[in-house]
Amino acid sequence: MAIATRCILMICLIVPTWAHAGSTEAEKEIACKDDAMRLCSEFVPDRDKITLCMQRRIPQLTPACRAIFDEDKPKSK
């Protein structure tokens, strides 16, 4: 139980670093927390590794979490 609690707390700290514009911090957390735990929990507490893990698994992300990552992509002209 303590490990799960620590993982959830780390995810709450990590998720806000993934995207900078658009969504609020709470929306980012809600959108990606489950995906981060499901796909990348082995990388907790390394923020950079979790971010890379999530970026590599974009096709596996839920639509809501994928949208968070799409917000951070540079827009083409």
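Read-outs throughout are calculated quantities, based only on the coordinates presented, and are distinct from any laboratory measurement. Predicted model only: the values in this text are computed from it and were never measured. Glycine also receives a Cβ, built like all others from the backbone with ideal geometry; neighbour counts cover every protein chain displayed.
Descriptive notes on the structure:
- Fewest-first sequence of 52, 61, 39 by Cβ atoms within 10 Å of each Cβ: 52, 39, 61
- Put in line by how crowded their Cβ is, counting other Cβ atoms within 10 Å and starting with the fewest, 32, 53, 40 read 53, 40, 32.
- Put in order of Cβ neighbour count within 10 Å, fewest first, the listed residues 66, 47 become 47, 66.
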